[in-house]
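The values are calculated or read from the model by the stated rules, or taken from the named source; none is laboratory data. Note that the structure is predicted; figures quoted are calculated from it, not measured. Note that we place each Cβ from the backbone using ideal geometry, even for glycine, and neighbour counts take in every protein chain shown. Each accessible area value is taken on the protein alone, full model and side chains, heavy atoms only, with ligands, DNA and RNA left out. Shrake-Rupley method; radii C 1.70, N 1.55, O 1.52, S 1.80 Å.
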Amino acid sequence: MPSCEDLFNEAVEIADSNPDKAIQIYQQILDTEGDSQEELKTKEQAIYNLGKEQAKLGKGEELGELLKTIRPFFQTIPKAKTEKIVWTLIGMVAEIPNSLDLQIDLCKESIAWAKAEKRTFLRHKIESKLAELLLQAKKYLESLEVIEPLLREVKRLDDKQLLVDIHLVESKVQHSLHNLPKARTSLTAARTAANAIYCPPLLQGRIDMQSGTLHTEEKDYKTGYSYFYEAFEGYNSLDNPAAVQALKYMLLCKIMTNNPDDVHSILSGKLALKYAGPEVEAMRAVADAHKERSLATFQSHLSTYSDELESDPLVHNHLNELYDTMLQQNLCRIIEPFSSVEISHIAELIKLERDVVEKKLSQMILDAKFNGILDQGNGHLILFPDPPQEKTYATALETIEGLGNVVDTLYQRAQKLN
């Protein structure tokens, strides 16, 4: 019977040409008995290779089953290696498309096993991963239920590295729940913990991305841009695909600060050319529409690049806000010469549906953007000149201030006489 090492070499050779056969051989290696150092090392490597092959073929269920069947093997190797194998296999499941629910179930099952085996450090890492997966699945309250007890335990152990990860996930969850004060508090806690340890570039990039996101939500686009730029440089140095998202958010900040020309100068730079693609082209198209102040072009690009723009909540929310601002500006410019104008004529000039224009005009009247009324019976917008500003109160305040100065002067002179 061939040895474990011979079987392993055979599986490696045929893995590319016949992955199913390689998987069978790896399974055969794991089923063999033997606990010598060489055999244990071969089995460990066979587990990693078997996981890779199953991930490539999209066999998520089999990969989850593998994690359960190799648990007796964990009794023969050190705890550190066990944790590495479990963590690596869970990471491999993430490479399989549309496997979010499977990852969540696998994490929950692994947490129960780690708790039974009293593997505290591994359980904490998997719980942190589970909280992040629940965030991706938009199960925000469930994610917070995992985070709160986990934070208490990890704070007692003072594991700074894990604390940074957990606080970052908590900040993202609170941001998704539109609770910006708590999101900022969690981010500050993550930064504090990160300052006490060496922070790897990838983790620093995640912190910068979250900082930029929160500043952008507060409409502080200049500060947000600087954070996104830091994150972009960090991701770019690691050739991490998250660099594209950082670049996209940089362009969003430039568009929101009414600097669409800067978008083209950024995209013509050496670094940005490396990340050319639909995400970047979508932002370039939005910048062009904003520069032209064309609502029709803006809407056209939103539908053309719906996957790139609508799927990202941050971009989607701010582009909606930008569209609303552009619509208001265009309507104010169109109605400026008129004292009375048909709503259908405004809709024709702005190239939008009449109902949309009427609804927006009524909202602008309520917000006191201009002085007028809607005559819905005749379908007219009637505009009134701005009422003259009442100067009585301002004049009265100036008079009182002048009298106050006179009294102060008289008091100072009286003091000198005494």
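I'd like to know if the range 350-357 contains one or more residues that are part of a helix (DSSP H, G or I), open to solvent by less than 50 Å² (accessible area, probe 1.4 Å) and farther than 30 Å from residue 375 by Cβ. Walk me through it before giving the result.
The first filter runs over the range 350-357 and keeps only residues part of a helix (DSSP H, G or I), leaving 350, 354-357.
Now narrow it down to the ones that are open to solvent by less than 50 Å² (accessible area, probe 1.4 Å): 350, 357.
Adding the requirement that they be farther than 30 Å from residue 375 by Cβ leaves none.
There is no residue in the range 350-357 that is part of a helix (DSSP H, G or I), open to solvent by less than 50 Å² (accessible area, probe 1.4 Å) and farther than 30 Å from residue 375 by Cβ.
Search the range 67-87 for residues that are under 15 Å from residue 115 (Cα atoms) and pair each with any residue that is open to solvent by 70 Å² or more (accessible area, probe 1.4 Å) when their beta-carbon atoms are under 8 Å apart and the residues are at least 6 apart or on different chains. From the range 67-87, the pairs are 83/121.
Every residue, every condition in (1) open to solvent by less than 20 Å² (accessible area, probe 1.4 Å); (2) assigned to a helix (DSSP H, G or I); (3) farther than 29 Å from residue 81 by Cα, yes or no:
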{"position": "111", "(1), (2), (3)": "yes, yes, no"}
{"position": "124", "(1), (2), (3)": "yes, yes, no"}
{"position": "127", "(1), (2), (3)": "no, yes, no"}
{"position": "131", "(1), (2), (3)": "yes, yes, no"}
{"position": "142", "(1), (2), (3)": "no, yes, yes"}
{"position": "151", "(1), (2), (3)": "yes, yes, no"}
{"position": "164", "(1), (2), (3)": "yes, yes, no"}
{"position": "171", "(1), (2), (3)": "yes, yes, yes"}
{"position": "175", "(1), (2), (3)": "no, yes, yes"}
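Would you call residue 75 at pLDDT below 85 and not small (Gly, Ala, Ser)?
On the way: at pLDDT below 85: yes; not small (Gly, Ala, Ser): yes.
Considered against the rule, which asks whether it is at pLDDT below 85 and not small (Gly, Ala, Ser), residue 75 comes out as yes.
Whether any residue in the range 280-291 is within 20 Å of the chain's Cα centre (by Cα), small (Gly, Ala, Ser) and either open to solvent by less than 10 Å² (accessible area, probe 1.4 Å) or over 30 Å from residue 357 (Cβ atoms) (or both) is what I want to check. Yes, there is a match, as at least one residue in the range 280-291 is within 20 Å of the chain's Cα centre (by Cα), small (Gly, Ala, Ser) and either open to solvent by less than 10 Å² (accessible area, probe 1.4 Å) or over 30 Å from residue 357 (Cβ atoms) (or both). Annotation: of all residues in the range 219-260 being assigned to a helix (DSSP H, G or I) and out of contact with any helix residue (DSSP H, G or I) (no Cβ under 7 Å at 6 or more places or on another chain), the one that is least open to solvent (accessible area, probe 1.4 Å) is 226. Restricting attention to the range 179-193, which residues are surrounded by fewer than 22 Cβ atoms within 10 Å (Cβ to Cβ) and closer than 23 Å to residue 237 by Cα? If the condition is that a residue be surrounded by fewer than 22 Cβ atoms within 10 Å (Cβ to Cβ) and closer than 23 Å to residue 237 by Cα, then 191 is the only one that fits.
Identify all residues within the range 198-212 that are open to solvent by 50 Å² or more (accessible area, probe 1.4 Å) and hydrophobic (A, V, I, L, M, F, W, C); write none if there are none. Outline the logic, then answer.
Let us first name the residues in the range 198-212 that are open to solvent by 50 Å² or more (accessible area, probe 1.4 Å), namely 198, 201-202, 204, 206.
Correct list: 202 only.
Does any residue of the range 333-340 turn out to be touching a strand residue (DSSP E or B) at 6+ places or on another chain (Cβ under 8 Å), in a loop (DSSP other than H, G, I, E, B) and not aliphatic (A, V, I, L, M)? Scanning the range 333-340, I find at least one residue that is touching a strand residue (DSSP E or B) at 6+ places or on another chain (Cβ under 8 Å), in a loop (DSSP other than H, G, I, E, B) and not aliphatic (A, V, I, L, M), so the answer is yes. Exactly one residue out of 310, 342, 390 is without any contact (Cβ under 8 Å) to a residue 24 or more places away in the chain and surrounded by 11 or more Cβ atoms within 10 Å (Cβ to Cβ): that is 310.
Of the residues 100, 89, which single one is hydrophobic (A, V, I, L, M, F, W, C), under 29 Å from the mean Cα position of the chain (by Cα) and either surrounded by fewer than 19 Cβ atoms within 10 Å (Cβ to Cβ) or modelled with pLDDT under 85 (or both)? Outline the logic, then answer.
Details: 89 fails: either surrounded by fewer than 19 Cβ atoms within 10 Å (Cβ to Cβ) or modelled with pLDDT under 85 (or both).
100 is the lone residue from the list that is hydrophobic (A, V, I, L, M, F, W, C), under 29 Å from the mean Cα position of the chain (by Cα) and either surrounded by fewer than 19 Cβ atoms within 10 Å (Cβ to Cβ) or modelled with pLDDT under 85 (or both).
On the stretch given as the range 245-273, residues that are within 22 Å of the chain's Cα centre (by Cα) and among the basic types (Lys, Arg) total 2.
The number of residues in the range 29-48 being closer than 11 Å to residue 77 by Cβ and either of a type outside the set (Asp, Glu) or in a helix (DSSP H, G or I) (or both) comes to 6.
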